[in-house]
1. Counting just the residues of the range 74-94 that are outside any strand (DSSP E or B) and either open to solvent by 60 Å² or more (accessible area, probe 1.4 Å) or among the basic types (Lys, Arg) (or both), which one comes out nearest to Asp112 (Cα to Cα)?
2. If I filter the range 2-27 down to residues being surrounded by 18 or more Cβ atoms within 10 Å (Cβ to Cβ) and under 18 Å from the mean Cα position of the chain (by Cα), which single residue comes out as farthest from Leu70 (Cα to Cα)?
3. Which of (1) touching a residue at least 24 places away in the same chain (Cβ under 8 Å); (2) open to solvent by 60 Å² or more (accessible area, probe 1.4 Å); (3) in a helix (DSSP H, G or I) does Asp238 not meet, given it meets every other one?
4. Pairs under 9 Å by beta carbon, first residue of a type in the set (S, T, N, Q) in the range 19-34, partner modelled with pLDDT of 95 or more, six or more apart or different chains?
5. Taking only the range 95-107 into account, find how many residues are open to solvent by less than 90 Å² (accessible area, probe 1.4 Å) and either over 19 Å from Gly78 (Cβ atoms) or among the charged types (D, E, K, R) (or both).
6. Provide a single number: the residues in the range 216-235 that are in a helix (DSSP H, G or I) and either open to solvent by 60 Å² or more (accessible area, probe 1.4 Å) or touching a Gly at 6+ places or on another chain (Cβ under 9 Å) (or both).
7. Working only within the range 201-232, note down all residues that are hydroxyl-bearing (Ser, Thr, Tyr) and under 31 Å from the mean Cα position of the chain (by Cα).
8. With respect to Asp62, is the statement that it is loosely packed, with under 13 Cβ neighbours inside 10 Å, in a loop (DSSP other than H, G, I, E, B) and free of Cβ contacts under 8 Å to residues at least 40 places away in the same chain true?
Amino acid sequence: YHIFYFIFKGLSGGALEAMSLGKPSDFWYLKQGGCTEVDGIDDKKEFGDLMESLKLFRFSDDDLSSIWNLTAGILHVGQCSMKEDDSGNAQCDPAAKINLDLAAELWGISSDSLNERLTTASMEVMKKTIIKKVAPAKYNDNRDAISKALFENSFLFVVERINGELFHLGSGDVKKIMFIGVLDIFGFENFITNSIEQFCINFTNEKIQGYFNYNIIASEQEEYIKESVLWKPMKVPDNSDFVEMIEHKKNGMFALLDSACKAPKPSPENFVKEFFKKQGKMKQYLEKAKGPKKVKGQKKKKKEKSNRTSVAARLRLPKAHRG
């Protein structure tokens with residue numbers, strides 16, 4: 001998410017003016033952490049290195065312009081706050097129409113189309129898509145979900161392009177496919193308030209850890225046994241039960257959560273009840289979260305000023321140091 005900060009120092013003044021980007025602290029998605037610069041990170045230099053790398057992978061000027069326009073548009077969408085209309089539904093605050101128009105222009109769509117997407121939500125019921133107005137309480141979640149989805153897809157586009165450049169097939173021999181792989185399994189985080197995004201990150205790390213345990217330890221151990229190599233058996237950590245608890249196609253957490261969200265009246269309590277009921281022996285590892293106890297006369301603590309945080313953190317994710 002550093003790119004949101006990089007562009008303010010890396011792009012030319014003319015490019016920033018064309019996108020109506022002043023400074024990071026002007027934008028809701030970037031200013032909530034109270035810090036837009038980090039000691040030890042030179043945003044201008046990092047942006048220059050990034051541009052050089054992307055051009056090495058044959059990203060054209062048009063490609064890069066589209067990426068920066070999309071990135072800037074996300075920041076303008078974050079400015080589109082909500083105002084309740086006469087019918088009790090959410091509407092984009094007229095005061096933020098300039099940001100709505102700017103985002104639409106940067107993305108090459110009409111303001112009306114973007115406004116409709118911000119104020120409506122679709123759901124699939126019995127293979128039919130139903131579009132309904134967004135309630136005021138859900139407006140920010142809807143807006144931020146759009147922002148996150150756009151950023152995710154732009155990120156995937158960049159990854160796909162880079163992988164395409166790295167993919168080379170020599171003489172029809174599939175064994176000669178060249179690629180670069182990076183494995184980082186040390187990314188577990190446990191915040192006081194976790195989000196589904198952080199949970200998915202931790203779950204991904206669990207799957208990678210399981211893959212690592214098998215291919216680096218278990219499979220080698222099996223090979224030693226087959227070849228009668230003197231070997232002191234090792235107990236290989238096995239997290240497959242936990243992975244299954246999350247991703248089982250019928251009784252896993254993701255499947256049950258998806259089902260609960262599609263219910264006519266989604267209820268966290270019903271989801272938790274169903275999830276616990278399906279887990280069997282795994283219940284011993286589960287515990288319902290309890291809210292903090294309120295102490296009479298306890299004064300509210302002042303909100304601590306945090307370091308510069310990622311855009312994801314500001315889209316209602318756990319706050320963390322930038323990067």
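1. Per the stated criteria, the residue is Pro94.
2. Within the range 2-27, the match that is farthest from Leu70 (Cα to Cα) is Tyr5.
3. (3)
4. From the range 19-34, the pairs are Ser20/Ala72; Ser20/His76; Ser20/Ile98; Ser20/Asn99; Ser20/Leu102; Ser20/Leu106.
5. Residues in the range 95-107 being open to solvent by less than 90 Å² (accessible area, probe 1.4 Å) and either over 19 Å from Gly78 (Cβ atoms) or among the charged types (D, E, K, R) (or both): 1 in total.
6. Residues that pass the stated criteria total 7.
7. If the condition is that a residue be hydroxyl-bearing (Ser, Thr, Tyr) and under 31 Å from the mean Cα position of the chain (by Cα), then Thr204, Tyr211, Tyr214 are the ones that fit.
8. No, not satisfied.
The values are calculated or read from the model by the stated rules, or taken from the named source; none is laboratory data. Predicted model only: the values in this text are computed from it and were never measured. No Cβ is skipped: glycine too gets one built from the backbone with ideal geometry, and neighbour counts run over all protein chains shown. For accessibility, only protein heavy atoms count, side chains too; no ligands or nucleic acids. Shrake-Rupley method; radii C 1.70, N 1.55, O 1.52, S 1.80 Å.
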